[in-house]
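Engineer: I'd like to ask some things about the structure below.
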Amino acid sequence: MKRTAAVLAAAVVALVPAAPGSAAAAEFPAFGLPAAPGQDVSSAGIHSESGTATVMNAIDLTPRDGVVRAPLAGTVRFQHCSGGDWVVVDHAGGWRTGYYHLEGIAVTDGRQVAAGAVLGNVGNALPCGGSSTGAHVHFTLWRLDAAARSPEAAGDWDGISHERLATDVAEAVGVALSGRTFGGWTLREGTEQYSGTATRVSTGEVVPLPGTLRHEP
Ligand SMILES: [Zn+2]
């Protein structure tokens, strides 16, 4: 049975690279930035969940108005820790986005949100550990696997420390931000943590990170 499962798993995995790049790209949802348009959004750059792991699936963002908004419609899922709750949003297709450090959380667990809905304010909250120097949102990308048996991959992260998010969860379902487009900006990771670039798709303008994105109206 194990062998059959392994072969099946291998066959499923093989389907992914076999798909043409355009199909894979089309599969990625039309995310916005997690901020209202028409303002500057500063970024400390692209990094891994912890700043030391390998999958660079996170970026620190600070919109000028300090308000964090859903970049795409979805369902709010609170993750509970000893230090409080933090917010993730589940989108169609298994995509999940995370919003660590939020203060003044403006949504409730299980609530459906539209793109642009206010989630809360940038902050320094550390409900499951980690660190923060200066109010921002630590925005993270994952793709859950509904068929997975592990709670990490299935997305049940109650009580999971930020350290385990950076290791077990990131390895299971973390998706690198590099090459993904949010609100018309295509992100590219750098060779170092907290670096990279954001390229405005419409003009080709390249902003080195850390840097400031002018989020068009
Ligand atoms: Zn961060």
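The values are calculated or read from the model by the stated rules, or taken from the named source; none is laboratory data. The structure presented is a predicted model; accordingly, all values stated were derived computationally and were not measured. FYI the Cβ positions are ideal-geometry reconstructions off the backbone, even for glycines, and counts take in every protein chain you see.
Engineer: In segment 115-134, what residues are within 17 Å of the chain's Cα centre (by Cα) and either away from the ligand (no atom under 16 Å from the Cβ) or not in a loop (DSSP other than H, G, I, E, B) (or both)?
Structural biologist: If the condition is that a residue be within 17 Å of the chain's Cα centre (by Cα) and either away from the ligand (no atom under 16 Å from the Cβ) or not in a loop (DSSP other than H, G, I, E, B) (or both), then Ala115, Gly116, Ala117, Val118, Leu119, Gly120, Asn121, Gly123 are the ones that fit.
Engineer: Checking the structure you have, find out if any residue of segment 168-186 is touching a strand residue (DSSP E or B) at 6+ places or on another chain (Cβ under 6 Å) and without any contact (Cβ under 8 Å) to a residue 24 or more places away in the chain.
Structural biologist: yes
Engineer: Next question, about the same structure. How many residues does segment 38-53 contain that are away from the ligand (no atom under 15 Å from the Cβ) and modelled with pLDDT under 95?
Structural biologist: 1
Engineer: Would it be correct to say that Ile105 is closer than 29 Å to Thr212 by Cα and in a loop (DSSP other than H, G, I, E, B)?
Structural biologist: Yes.
Engineer: Among the residues of segment 57-78, how many are in contact with a Leu (Cβ under 9 Å, 6 or more places away or on another chain), in a strand (DSSP E or B) and away from the ligand (no atom under 16 Å from the Cβ)?
Structural biologist: So the answer is 3.
Engineer: Suppose we filter segment 135-158 for residues that are hydroxyl-bearing (Ser, Thr, Tyr) and part of a loop (DSSP other than H, G, I, E, B); how many remain?
Structural biologist: 1
Engineer: Across segment 135-158, which residue is nearest to the ligand (Cβ to nearest atom) among those that are among the aromatic types (Phe, Trp, Tyr) and at pLDDT 95 or above?
Structural biologist: Phe139
Engineer: Report yes if Thr140 is closer than 19 Å to Ala92 by Cα and among the hydroxyl-bearing types (Ser, Thr, Tyr), otherwise no.
Structural biologist: Taking the combined requirement at face value, the residue satisfies it.
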